[in-house]
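Novice: One structure is given below, represented as structure tokens, and several questions about it will come after.
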Amino acid sequence: MSVALPVLKQPRLASSFWDDVRADFPVLHQNVGNKPLIYLDNAATTHKPRAVIDVLARFYQQDNSNVHRGLHALSMRSTDGYEAARIRSAKFINAAEPEEIVFTRGTTESINLVAQSWGAANLKKGDVVLIT
Ligand SMILES: Cc1ncc(COP(=O)(O)O)c(C=O)c1O
């Protein structure tokens, strides 16, 4: 007996969705070599959507100050924003506690931090680390 299995189709998002996503990134509103810019070097530098550019501009215009190292109003606001981002990031990735979120400058620093902390505590000679 054979059973006809349903053909599963890959869900497709309408091209207008991708047009909307692309529209959020001002840097993509340009041609390079007479063609619309396609950018694939995100591992090195990721472009920012309008919402991120706006909040960064607002930060530099109104708050720009040291986080966790000042008692004045600008420093307090900068610290509050920094900690709010930690809480929001924790919720986004379903972390148990905001304290689990560690901000770093990039991939290289993050990998080195994991190697020097978790790796140093848990790995031993002969273990194999698989990276992609
Ligand atoms: C493919 C790729 N992976 C990782 C990195 C390292 O990223 P980061 O500068 O955040 O340490 C880069 C940096 O250029 C990269 O191009």
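The values are calculated or read from the model by the stated rules, or taken from the named source; none is laboratory data. Given the structure is predicted, the values throughout are model-derived calculations rather than measurements. For neighbour counting, all protein chains shown are included, and Cβ atoms are generated from backbone atoms with ideal geometry for every residue, glycine included.
Novice: When you scan region 82-98, how many residues do you find that are in contact with a helix residue (DSSP H, G or I) (Cβ under 7 Å, 6 or more places away or on another chain) and not charged (D, E, K, R)?
Specialist: Residues that pass the stated criteria total 3.
Novice: Take the residues in region 76-105 that are outside any loop (DSSP other than H, G, I, E, B) and among the aromatic types (Phe, Trp, Tyr); name whichever of them is nearest to the chain's Cα centre (by Cα).
Specialist: Within region 76-105, the match that is nearest to the chain's Cα centre (by Cα) is PHE92.
Novice: Those residues that are farther than 26 Å from ARG69 by Cα and within 16 Å of the ligand (Cβ to nearest atom), I need them from region 80-115; list them, please.
Specialist: Listed by number, the residues that qualify are ILE111, ALA115.
Novice: While we're on this one: Quick one: in region 93-109, of everything that is surrounded by 11 or more Cβ atoms within 10 Å (Cβ to Cβ) and not β-branched (Val, Ile, Thr), which residue is farthest from THR132 (Cα to Cα)?
Specialist: So the residue we want is PRO98.
Novice: Restricting to region 27-46, name every residue that is exposed (fewer than 10 other Cβ atoms within 10 Å of the Cβ) and either within 16 Å of the ligand (Cβ to nearest atom) or under 22 Å from GLY106 (Cβ atoms) (or both).
Specialist: LEU40, ASP41, ASN42, ALA43, ALA44, THR45
Novice: Does SER16 meet the test of being touching an Asp or Glu at 6+ places or on another chain (Cβ under 9 Å) and outside any loop (DSSP other than H, G, I, E, B)?
Specialist: For SER16, the condition - touching an Asp or Glu at 6+ places or on another chain (Cβ under 9 Å) and outside any loop (DSSP other than H, G, I, E, B) - is not met.
A quick yes/no check of all residues on (1) among the hydroxyl-bearing types (Ser, Thr, Tyr); (2) under 25 Å from GLN62 (Cβ atoms):
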| site | (1), (2) |
| --- | --- |
| THR79 | yes, yes |
| ARG105 | no, yes |
| LEU113 | no, no |
| GLY126 | no, no |
| ILE131 | no, no |
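Novice: Moving on to the next point. Check region 46-65 and report whether any residue there is modelled with pLDDT under 95 and at negative phi.
Specialist: Looking only at region 46-65, we keep the residues that are modelled with pLDDT under 95, and these are 46.
Filter once more, so that each one left must be at negative phi: 46.
Yes, some residue in region 46-65 is modelled with pLDDT under 95 and at negative phi.
Novice: Turning to a different aspect of this structure: Would you call VAL67 free of Cβ contacts under 8 Å to residues at least 24 places away in the same chain, β-branched (Val, Ile, Thr) and away from the ligand (no atom under 16 Å from the Cβ)?
Specialist: yes
Novice: When you go through THR132, THR108 one by one, which is the residue that is part of a loop (DSSP other than H, G, I, E, B), of a type in the set (S, T, N, Q) and either closer than 24 Å to ALA43 by Cα or in contact with an Asp or Glu (Cβ under 9 Å, 6 or more places away or on another chain) (or both)? Can you show your working first?
Specialist: Details: THR108 fails: part of a loop (DSSP other than H, G, I, E, B).
That would be THR132, the only listed residue that is part of a loop (DSSP other than H, G, I, E, B), of a type in the set (S, T, N, Q) and either closer than 24 Å to ALA43 by Cα or in contact with an Asp or Glu (Cβ under 9 Å, 6 or more places away or on another chain) (or both).
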